[in-house]
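Undergrad: Shown below is the structure under consideration.
The numbers here are math on the coordinates, done by the rules we state, and not lab data. This one's a predicted model, so the numbers in the text were calculated from it and none came from an experiment. Cβ: placed from backbone, ideal geometry, glycine included. Neighbour counts: every protein chain shown.
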Amino acid sequence: MTFGKYINELLYRYECVTIPNFGAFLTRSVGVLIHYDMGVFNPPKKVLTFNSLLKTNDGILAHHIAQRQNISYESALRLIEKEIIIWKQKLQTQPLIIDPIGELRLNASKRVEFLTYANINFDTNAYGLNVFTRKPLAQTPRNNPAKTFSIMPENEKDNLMFTPDNEAQKTASYPLLKYAAIGIIALGLTGASYYFGGQYINNERVKNQQIAQEKISETVATATFDLGKLDAVSLTIGVAAPKTNTVLEQPYFSVVAGTYRDFTNAERVLNSLKRQGYEAAFTAVNPEGMHRVAYGRFTNKREAIKLLYFIKYTLKEDAWYLEEK
């Protein structure tokens, strides 16, 4: 049984078709070739080669044979194994013809050489395009170019719209216009790259800032503080009302300046920020009962991010981002 027909069909669809434990047929694209001297035009094509080192089964040939012969994949593999044994035996004594793609033979060094049939083009985009020849055009001798003369009345010579000097100036100005156009295009491309590059960097900063703020929030929530040894004090402990989580009507986005356990300290920082011109506000009390003071509390996420960047990168002040939902 020969598999040349199946290999030929697959080479139109795949750049590499491997025959297990034998080798692989590969196609390589070649562009249009024009022989100007002879007037021969060759369309684009795919050149077929053979590599005896690629022997690992990729499943393409076996799967194709199983579909064409309506058998199982394992049965197709067994058929290929039997055929390869026959191929190897033939190669020891004679050329192996794989119709219709070419023939294989062993050289003096016992290496496999492949001779492809040149009339096959596996490039489907070149379907219907054939090699054709056109007769080169005869070139007109230019040793003695013909001269033409015209007689013009003296009174009409002054009515010419241009002079040789003006024409030379126009010709000389064309390169300047070309370079100016190239410069304008380059400036436009540079400006576009800068703008879209800046947009991309800003978006990435917002994403990274959100991730960093979430980690900061987790660290602050679980942080412990060493306050040193304190004198014993007497406290009158009463029964406090249980804390309830405040349900927000809408999400808030805040730029937090600090978190304080003492409300008096938090209120002092809040008033200080307001005197500096910020629309400072308290956020919701965190689960540990601590009071958070924000430079600003917004319902728009982008406004909060803008303020955060201004405080951290322009004013070089500490702040972190908080989402309340």
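Undergrad: Restricting to segment 33-76, and then to whatever is of a type in the set (Val, Ile, Thr) and assigned to a strand (DSSP E or B), can you tell me which residue is farthest from Tyr127 (Cα to Cα)?
TA: Thr49
Undergrad: Then there's this: Using the structure shown, decide if Phe122 is in a strand (DSSP E or B), in contact (Cβ under 8 Å) with a residue 60 or more places away in the chain and surrounded by 12 or more Cβ atoms within 10 Å (Cβ to Cβ).
TA: In short, no.
Undergrad: Sort out which residues of segment 17-45 are surrounded by 14 or more Cβ atoms within 10 Å (Cβ to Cβ) and touching a helix residue (DSSP H, G or I) at 6+ places or on another chain (Cβ under 8 Å), and write them in order of number.
TA: Those that are surrounded by 14 or more Cβ atoms within 10 Å (Cβ to Cβ) and touching a helix residue (DSSP H, G or I) at 6+ places or on another chain (Cβ under 8 Å): Val17, Thr18, Ile19, Pro20, Phe22, Phe25, Thr27, Pro43, Pro44, Lys45.
Undergrad: Enumerate the pairs (first residue in segment 285-300 and surrounded by fewer than 21 Cβ atoms within 10 Å (Cβ to Cβ); second residue anywhere and among the basic types (Lys, Arg) and not in a strand (DSSP E or B)) with beta-carbon separation below 6 Å, excluding pairs fewer than 6 apart on the same chain, so at least 6 apart or on different chains.
TA: Filtered contacts from segment 285-300: Met290/Arg261.
Undergrad: Would you please list the contacts, defined by Cβ atoms under 7 Å and residues six or more apart or on different chains, that run from a residue in segment 1-30 that is free of Cβ contacts under 8 Å to residues at least 24 places away in the same chain and part of a strand (DSSP E or B) to a residue that is surrounded by fewer than 19 Cβ atoms within 10 Å (Cβ to Cβ) and hydroxyl-bearing (Ser, Thr, Tyr)?
TA: Arg28/Thr49
Undergrad: Right, here's the next one. Can you pull out every residue in segment 87-114 that is assigned to a loop (DSSP other than H, G, I, E, B), among the polar types (S, T, N, Q), farther than 19 Å from Leu53 by Cβ and out of contact with any strand residue (DSSP E or B) (no Cβ under 9 Å at 6 or more places or on another chain)?
TA: Once the filter is applied, which keeps residues that are assigned to a loop (DSSP other than H, G, I, E, B), among the polar types (S, T, N, Q), farther than 19 Å from Leu53 by Cβ and out of contact with any strand residue (DSSP E or B) (no Cβ under 9 Å at 6 or more places or on another chain), segment 87-114 yields only Thr93.
Undergrad: If I ask for residues that are surrounded by 15 or more Cβ atoms within 10 Å (Cβ to Cβ) and touching a residue at least 60 places away in the same chain (Cβ under 8 Å), which ones from segment 98-115 would you list?
TA: Ile98, Ile101, Val112, Phe114
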